[in-house]
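A quick write-up on the structure given underneath.
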Amino acid sequence: MKLIRNGTFVEDDFITVGDGDQLPDGAAIVSLERWQAERETLRARNAPIGVRLQSGQEPGAIADDLDRIDLVALEFPIYRNGRAYSYARILRERYGFKGEVRAVGNVLRDQFQFMIRCGFDALEVTDNITPEIWAENAGSFSLFYQPSVDGKKTVLSLRQRLAARARENATA
Amino acid sequence: MGGGLGRTPMIGKKIAGFVPKEDLLAYLEAVMRVYNMYGRRDNIYKARIKILVHEIGVEEMTRQVEAEFAELRKAGALHLPLEEVARIEAYFQPPSHENLPDDSAELNKAVLADRDFANWVKSNVAQHKVPGYAIVNISLKPIGGVPGDCTSDQMDAVAGIAEKYSFDELRVTHEQNLTLAHVRKKDLHAVYDLLKAHGLATPNIGLITDQIACPGLDYCALANARSIPLAQQISERFADIERQHEIGELKINTSGCINACGHHHVGHIGILGVDKKGVEYYQVTLGGAADEKTAIGDIVGRAFTEDEVVDAIETIVTTYIGVRQNGERFIDTYRRVGIDPFKESLYETH
Ligand code: SF4
């Protein structure tokens with residue numbers, strides 16, 4: 001597994017721990033179940049904490065805790081299950097979550113760009129993904145119709161800007 | 001929402017009477033979000049909006065969509081400005097029709113002089129909302145032909161006709177025919193002559209030989225049974241145009257498998273190819289409709305073999321003729337009498 005954060009391949013500074021495992025000293029990612037059971041101890045630790053949501057575990061379950069969570073990992077159990085796209089947008093748009101939103105599980109190259117658009121800033125990818133493959137797929141589309149969390153200008157707003165410029169030129 | 005055919009046919013339900021134009025995209029996004037979050041993921045055949053609507057019910061679906069829509073509106077993201085609607089609408093402006101009297105002396109004369117032309121006008125020409133114009137439906141269902149097939153020469157000819165007589169516009173219909181949407185009434189006979197010269201003047205739109213058939217086993221790797229040869233046999237059986245008019249409006253839709261590309265569920269008579277231990281069978285449904293009284297057809301009984309099915313269609317037609325009142329259409333008769341008379345005549349002697 002490799003981790004890409006904000007477009008850069010980086011060492012993963014978080015350790016994902018199982019529900020029975022001992023917590024490491026540093027940053028850790030736990031399941032929703034463990035978070036709910038050990039919330040207070042986990043919060044009291046002096047290290048970053050992440051929560052991993054499976055498909056079907058909605059962000060609403062941690063909405064009230066988000067100011068104490070540094071990272072939310074959203075699972076794609078299989079590429080054709082896109083629930084985590086909605087979860088990512090809800091985290092960003094509805095709950096204003098500013099921490100890391102990480103895509104884990106069946107993260108495929110042709111979906112990189114869609115994940116970024118929905119608010120993922122980190123992706124856990126398979127080892128065969130190189131910076132070249134990343135660059136090629138993360139930027140495969142240059143224009144967008146749908147507004148999204150990434151704040152990219154839509155085709156509609158570009159059109160409006162062009163029309164405004166044409167009007168200005170006409171009056172100038 | 002929640003309509004669809006395939007292996008689980010369902011009629012769509014209304015969840016919102018009217019949505020403001022500016023909110024249309026946001027509303028659709030709300031629908032997609034609800035489906036994405038709560039649709040079935042455990043079974044690919046059930047990963048459908050229609051299954052979700054069916055399982056939770058239309059009221060609950062509406063409630064969830066409305067709630068999601070309210071949230072999306074707070075974000076204010078997918079607003080569709082009216083100027084954008086206007087920009088798109090500009091591409092769909094009607095052509096500049098001439099100012100014509102509605103009645104055309106040329107047309108009236110030609111109808112009286114040419115009986116075949118008159119028959120074609122009766123079945124293939126539809127009323128246009130602009131005076132002096134008509135809509136021409138080109139049947140791609142010659143008797144015994146492959147439904148919807150058109151040669152390259154025919155396509156060239158039709159393109160030429162569209163260019164000269166119908167504002168250079170040609171439409172393909174889901175009923176596997178072509179439409180010239182704006183023909184001046186006074187040009188109808190000229191258009192007819194050209195179509196006829198290219199074997200494109202079959203006067204059977206809406207009649208029993210104007211069938212929809214999917215590619216079926218001849219072309220499709222998913223098929224259970226052949227569709228095209230069956231459609232051809234039915235077409236031959238009912239070739240007589242007088243008889244077709246006597247039968248009246250009747251839609252036969254055939255699919256070669258459960259994927260329902262031929263929309264058999266909504267054919268007045270629907271035929272579905274099924275496979276029983278390697279042998280092709282045809283299951284027949286009655287009473288389907290894709291009109292303002294949309295209905296999924298009812299299965300009439302056990303499936304027919306390849307040798308039986310054309311006779312079965314004929315039995316259904318004769319039964320209908322026997323029980324219809326005052327020139328009722330097949331579908332209206334079916335809605336009135338139900339499936340029993342057809343079951344009786346199809347299966348009584350077996
Ligand atoms: S209905 Fe079945 S046989 Fe016919 S085209 Fe579709 S998939 Fe192929």
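Worth pointing out:
- The criterion of at least 2 residues that are among the aliphatic types (A, V, I, L, M) and within 14 Å of the ligand (Cβ to nearest atom) is met by the following strands (runs of 3 or more DSSP E) wholly inside the stretch B:237-287: B:269-276.
- Among the residues examined, A:Lys152 qualifies as under 27 Å from B:Ala26 (Cα atoms) and within 14 Å of another protein chain (Cβ to nearest Cβ).
- Only helices (runs of 4 or more DSSP H) whose full extent lies in the stretch A:90-172 are considered here, and the ones with at least 3 residues that are open to solvent by 40 Å² or more (accessible area, probe 1.4 Å) are A:131-138, A:155-171.
- Selected residue (criterion: nearest to B:Gly4 (Cα to Cα)) from residues of the stretch B:23-50 that are at pLDDT 90 or above and charged (D, E, K, R): B:Lys50
- The stretch A:75-89, subset outside any loop (DSSP other than H, G, I, E, B) and facing another protein chain (nearest Cβ under 10 Å), residue nearest to A:Asp150 (Cα to Cα): A:Arg89
- Index of the failed condition, A:Asn46 passing every other in (1) part of a helix (DSSP H, G or I); (2) polar (S, T, N, Q); (3) exposed (fewer than 15 other Cβ atoms within 10 Å of the Cβ): (1)
So that you can scan it fast, the table gives a plain yes or no per residue for (1) touching a helix residue (DSSP H, G or I) at 6+ places or on another chain (Cβ under 6 Å); (2) at pLDDT 95 or above; (3) under 30 Å from B:Ile234 (Cα atoms); (4) polar (S, T, N, Q):
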site	(1), (2), (3), (4)
B:Leu112	no, yes, no, no
B:Ile143	yes, yes, yes, no
B:Ser152	no, yes, yes, yes
B:Val158	no, yes, yes, no
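- Filter pass, B:Asp311 being open to solvent by 10 Å² or more (accessible area, probe 1.4 Å), charged (D, E, K, R) and part of a helix (DSSP H, G or I): yes
- Total residues in the stretch A:4-14, condition free of Cβ contacts under 8 Å to residues at least 40 places away in the same chain and open to solvent by 90 Å² or more (accessible area, probe 1.4 Å): 1
- Taken over the stretch B:45-102, the criterion of being within 12 Å of chain A (Cβ to nearest Cβ) and β-branched (Val, Ile, Thr) is satisfied by B:Val85, B:Ile88.
- Unique match (being away from the ligand (no atom under 16 Å from the Cβ), in contact with a Pro (Cβ under 8 Å, 6 or more places away or on another chain) and either within 14 Å of chain A (Cβ to nearest Cβ) or of a type in the set (Gly, Ala, Ser) (or both)) among B:Gly160, B:Gly199: B:Gly199
- Members of the stretch B:88-101 found to be among the charged types (D, E, K, R) and modelled with pLDDT of 95 or more, listed by number: B:Glu98
- Annotation: of all residues in the stretch B:219-236 being open to solvent by 20 Å² or more (accessible area, probe 1.4 Å) and farther than 21 Å from B:Arg7 by Cα, the one that is farthest from the ligand (Cβ to nearest atom) is B:Glu236.
- When restricted to residues that are part of a helix (DSSP H, G or I) and touching a residue at least 24 places away in the same chain (Cβ under 8 Å), the stretch B:288-307 contains 1.
- Residue tally, condition within 23 Å of A:Lys153 (Cβ to Cβ), β-branched (Val, Ile, Thr) and either assigned to a loop (DSSP other than H, G, I, E, B) or open to solvent by 40 Å² or more (accessible area, probe 1.4 Å) (or both), over the stretch B:56-97: 1
The values are calculated or read from the model by the stated rules, or taken from the named source; none is laboratory data. The structure displayed is predicted, hence computed values, not measured ones. A quick note on method: Cβ atoms are made from the backbone with ideal geometry, for glycine too, and the neighbour counts reach across all protein chains shown. Protein only, heavy atoms only, side chains kept; ligands, DNA and RNA dropped before computing areas. Shrake-Rupley method; radii C 1.70, N 1.55, O 1.52, S 1.80 Å.
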